[in-house]
Amino acid sequence: MEKKKYTVVGTDIEEVKRLNAESGPSYNEINEMLTQRIEERKKQSHSNQPK
């Protein structure tokens, strides 16, 4: 059996990782998704403009 890893103050590291994985996207992941959507909209608006 694997020995549990704890921080100096007693936090179960693996439990924190598990809970983080279940909590949804991170701030950086949300920021990246929004940046991609903004770029896609910019491309669409430029392609829809009359020449």
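Select from N31, G10, N20 the residue farthest towards the positive end of the dipole of the chain; place +1 on Cβ of Lys and Arg, -1 on Cβ of Asp and Glu, and compute about the Cα centre.
Positive-most Cα among the choices belongs to N31.
Once the other residues with Cβ under 9 Å from the Cβ of E14 are scored (Lys, Arg +1; Asp, Glu -1), what is the net sum?
Within the 9 Å Cβ shell, the charges total +1.
If we count every other residue with Cβ under 13 angstrom of S45's Cβ, Lys/Arg +1 and Asp/Glu -1, where does the sum land? Write out the running numbers ahead of the final one.
Working: positive: R37, R41, K42, K43; negative: E39, E40.
Cβ neighbours under 13 Å give a net charge of +2.
How large is the dipole of the chain about the Cα centre if only Lys and Arg carry +1 and Asp and Glu carry -1, each at its Cβ, rounded to the nearest 20 debye? Intermediate results must be reported in sequence, preceding the final value.
Working: 10 positive and 9 negative charges, 65 e Å.
The calculated dipole for the chain is roughly 320 debye.
What number comes out for accessible area per residue over the chain if the probe is 1.4 Å? Units Å², please.
On the way: 5310 Å² over 51 residues.
With the other protein chains kept in place, the chain gives 104 Å² per residue.
Please report, as a whole percent, how much of the solvent-accessible surface of the chain comes from carbon and sulfur atoms (probe radius 1.4 Å). Walk me through the numbers before you get to the answer.
Numbers: 2860 of 5310 Å².
Its accessible area is 54 percent carbon and sulfur atoms.
Label M33 and K17 with points 7 Å out from Cα along Cα→Cβ: what is the distance between them in nm?
Rounded to a tenth, the inter-label distance reads 2.4 nm.
Applying the Karplus parametrisation 6.51 cos²θ - 1.76 cosθ + 1.60 with θ = phi - 60° to the phi angles of region 39-45, what ³J(HN,Hα) value in whole Hz is obtained for each residue in order, glycine and proline being reported as x?
Rounded to whole hertz, the list is 4, 4, 5, 4, 4, 5, 5.
The values are calculated or read from the model by the stated rules, or taken from the named source; none is laboratory data. The model shown is predicted, which means the values in this text are computed figures rather than measured ones. Counting neighbours? That spans all protein chains shown, and the Cβs are built from the backbone with ideal geometry, glycine included. Accessible surface areas use protein heavy atoms only, side chains included; no ligands, DNA or RNA. Shrake-Rupley method; radii C 1.70, N 1.55, O 1.52, S 1.80 Å.
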